[in-house]
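Reviewing the structure listed below.
Readers should treat all values here as calculations from the given coordinates under stated rules, not as data from a laboratory. Predicted model only: the values in this text are computed from it and were never measured. Backbone-built Cβ (ideal geometry, glycine too); neighbour counts: all protein chains shown.
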Amino acid sequence: MAAEVFYRAMGLQGYWIVDVWESRGGEIEVLVEPPRESLRCRSCRGRAHERASRRSGFPA
């Protein structure tokens, strides 16, 4: 199955796939980022803000 078809089936169409890996338990983990156009400020819901940082470090 093509990756694009798989991501669309998972509802991830339009998202940036950052990383995919297999966990110790055998599950497939997918790290995604939303499209930059859809990002909004949590306080004012505005789009004209710079992104502070990218979250790193996820629970194992």
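The table that follows gives values for the structure above.
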quantity	calculated
Positive-end residue of 7, 31, 41, charge dipole of the range 1-52 with Cβ unit charges	41
Surrounding net charge for residue 21, when Lys and Arg each add one and Asp and Glu each subtract one, Cβ distance under 15 Å	-3
Stokes-Einstein D for the range 1-52, Kirkwood Rh over Cα pairs, 37 °C, 0.692 mPa s (µm²/s)	250 µm²/s
Under-5 Å amide H pairs with residue 32, H placed in peptide plane, nonlocal only	18
